[in-house]
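All remarks here apply to the structure that follows.
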Amino acid sequence: MAAQPLLLPSAAMAMRLPAEQRRLQLLDVAINVFAERGFHATSMDEVAEAAGVTKPVLYQHFPSKRALYHELLDEVDNQLMTRLVLATSGAETGRERVQQGFAEYFRFVGERRSAFRLLFGASVRNDPEFAEVAERAIDRIADLIAELIEIEAPAEHRRTLAHAIVGMAESTSRRLANEEGEEDPDRLAHWMAEMAWFGLRGVRPEESA
């Protein structure tokens, strides 16, 4: 899903959008502004200006900059999880689930670079409250992957392997999110899925003590 073009400020100010549509528009604009400048370097005035609204209108929807940023993180987390669940639920084999999961993750990053940088960027890691949201997102993705790992291993073992897979995807995605050129998500997914799949095939059950 390609990101919808943002309204020009003058056009946005001229339109009287219903409350929910206005809120979604503000979230869409704020993602790009925060991703470019970071949480601390961005003011609510700048978000309002980019959205083409007055600051009082912005505060009608979000009581503070911190509340706005927190809601953005939750929104990105939910969007990513929804896409991963849909992509993997239709796969018929374990190998296909691995491939589809990686592909959808990389598509999300390619289409929503600002959203990815927002959820996994420095502003999040440097703030305990926001870092908790990002860690929760990683945990949710790892839990999803752990359920898809079909090997003879305890749940904790599979969950640790799932976190390793998430780490590989996140590291690869940082390169994708920061490059101006276009990478093929399916090609990246194939490379990563080959490594993850055959690596998992080599995991042996632990011997009992």
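The values are calculated or read from the model by the stated rules, or taken from the named source; none is laboratory data. The structure presented is a predicted model; accordingly, all values stated were derived computationally and were not measured. We place every Cβ from the backbone using ideal geometry, glycine too, and count neighbours over all the protein chains shown. The area values use the complete protein model at the heavy-atom level, side chains included, leaving out ligands, DNA and RNA. Shrake-Rupley method; radii C 1.70, N 1.55, O 1.52, S 1.80 Å.
Of note:
- Scanning the range 154-174 for residues that are modelled with pLDDT under 85, of a type in the set (A, V, I, L, M, F, W, C) and surrounded by 12 or more Cβ atoms within 10 Å (Cβ to Cβ) turns up nothing.
- Failed condition for Val53, given (1) open to solvent by less than 40 Å² (accessible area, probe 1.4 Å); (2) at pLDDT below 95; (3) more than 28 Å from Met195 (Cα to Cα); (4) part of a helix (DSSP H, G or I): (4)
- Within the range 115-138, residues that are more than 20 Å from Arg175 (Cα to Cα) reach partners that are open to solvent by 20 Å² or more (accessible area, probe 1.4 Å) and modelled with pLDDT of 90 or more with beta carbons closer than 8 Å, at six or more positions or on different chains, in the pairs Glu129/Arg66; Glu129/His70; Phe130/His70; Val133/His70; Val133/Asp74.
- Yes/no for Leu80 being open to solvent by less than 50 Å² (accessible area, probe 1.4 Å), modelled with pLDDT of 90 or more and not hydroxyl-bearing (Ser, Thr, Tyr): yes
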